[in-house]
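First comes the structure, then the notes that go with it.
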Amino acid sequence: MTPLDNSDGTNGRDAPYYCLDVKDGSYGNGTPIQLYVCYNDNENQKWFVDRTFATDVGAISPWAHHELCLDAGTNPGDGSKVKIWQCYDGLPQQTWRRVSVYGVGYSLKIKGTSEWRRRRRRRAMTKLTDPLDLCLDATNGGFYNGNQLQVWTCGIGNRNQLFDYRIRPHSNLNFCVDAGSNPRDGSKVHIWQCYPGLLQQTWYNEFVPTSNFGYTRYRLNGTNLCLDVTDGNFANGQQLQVWSSSAESCTSISANAQADPGDPPRIPYQFRADAAGTKPPHPGYCLDLKDGVQANGTPVQLWQCSTGNRNQLWDHQYDLYTIRPYGRPDLCLDAGTNPQDGSKVKVWQCYPGLLQQSWEWFGSRQGFGRKLNGTNLCLDVTDGNFANGTPLQVWKCYTGSKNQWIQSHPVPVPY
């Protein structure tokens, strides 16, 4: 194993030098959790978060030992040491909460792909063949008790449509999406003041496999009721309800990240291909969105680095693994379906947890790069050609390959 390089003494997002580590690799009750220099492929530093995208709580387990959980001990308080222990469902000392990501909301989009939905009035199966552009929306932008949750045409930056991963309005986290007391088929969904642990406000985002791949939906935790468009009427102003779920019912809803225009700008980064292994400042070449087109399928290329060039600005602080064009958090750096040596890199709509969009650290004292999570494929300069217009690809990782030394550096926020 090779430790990540920290010889330049920097300390920030580009230098995650210390990781949570299972002490001595001893996987048993009571083993302490410590900080240790991050090593590539160190199994003691890999973790599995047993939590879905739409919820903010769950257990954290060692990657290869899901029977053990991160545990804060009985009656935890300031100074309580953390260890691993046998998992027990719902045990508070093993239940961890994710904090909201500052500056990011999610538009919850009604999917109009070729999935089957049940239209309630006719009780017949209807195939939706035309793509929909409808999102969950707080009627008239009102965040107060009893306001209707509806569907409406999606709009970038529309704060009525921005929610966090618990489906709380991103601009007012004191309110939740609520299915009402004693929810049942047909119960209408409203905005309501949040109450911690209240069942009618707790939603679970799940993937439902079907004969045609599958879809995602939001289900009320602990029930078989899911978020649904009333009567299958996909039109502006139609109210949301809950309805009994089955493998081929309930509305397909996907979460798409986007920046909240009400928040301060985030710090952008350039990803520089350091061919000579030198540290900036130097001219160098940067990851560049071809022709500045922010759309599905746009290739990512090399271009000479230029301060303020928006085609070269990226954000890799939304979550642990994704790299997104600055100002467009709904798009992710993507290696394509079934990536392999030579697969070209592009941007594509983000899907939470999609492996071809998940990038982790890779490197040594010679240089750093990014590789696809769970693979041995690294972001790579095609044919080692450091020149304007060279496409980016993935290729088998080599620690000493200068084609793969691609590092991120903060740059001034553009106005």
Please list, ordered by first then second residue, the pairs with beta carbon atoms under 6 Å, 6 or more apart or interchain, first in region 397-415 and surrounded by 19 or more Cβ atoms within 10 Å (Cβ to Cβ), second of a type in the set (Gly, Ala, Ser) and at pLDDT 75 or above. Asn403/Gly384; Gln404/Gly369; Trp405/Gly369; Ile406/Ala273; Ile406/Gly369
Among the residues of region 373-386, how many are touching a strand residue (DSSP E or B) at 6+ places or on another chain (Cβ under 7 Å) and not aromatic (Phe, Trp, Tyr)? 8
Counting only residues in region 324-341 that are surrounded by fewer than 17 Cβ atoms within 10 Å (Cβ to Cβ) and in contact with a helix residue (DSSP H, G or I) (Cβ under 8 Å, 6 or more places away or on another chain), the one farthest from Gly292 (Cα to Cα) is identified as Thr337
Return the residue satisfying two criteria in turn: it lies in region 342-361 and is under 15 Å from Asn376 (Cβ atoms) and modelled with pLDDT of 90 or more, and of such residues it is surrounded by the most Cβ atoms within 10 Å (Cβ to Cβ). Gln356
Any pair with Cβ under 7 angstrom, 6 or more apart, that starts in region 33-44 at a residue that is modelled with pLDDT under 85 and ends at one that is crowded, with 17+ Cβ neighbours inside 10 Å: Cys38/Leu4; Cys38/Cys19; Cys38/Gln45; Tyr39/Gln45; Asn40/Phe362
Quick check on region 175-203: of everything there that is without any contact (Cβ under 8 Å) to a residue 24 or more places away in the chain and in a loop (DSSP other than H, G, I, E, B), which residue is nearest to Asp228 (Cα to Cα)? Gly180
Can you tell me which residue is modelled with the lowest pLDDT among those in region 369-415 that are under 24 Å from the mean Cα position of the chain (by Cα) and among the aliphatic types (A, V, I, L, M)? Val413
Looking for whichever is on the phi > 0 side of the Ramachandran plot and at pLDDT 85 or above here; the options are Gly222, Gly232, Gly237. Which one fits? Gly237
If you check Ser61, Ser26, Ser7, which single one turns out to be at pLDDT 60 or above and surrounded by fewer than 16 Cβ atoms within 10 Å (Cβ to Cβ)? Ser26
Going by the conditions given, is Leu302 surrounded by 23 or more Cβ atoms within 10 Å (Cβ to Cβ), farther than 30 Å from Phe48 by Cβ and among the hydrophobic types (A, V, I, L, M, F, W, C)? yes
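The values are calculated or read from the model by the stated rules, or taken from the named source; none is laboratory data. Please read all numbers here as calculations on a predicted model, not as lab measurements. Because the Cβ atoms are built from the backbone with ideal geometry, glycine has one as well, and the counts that use them run over all protein chains shown.
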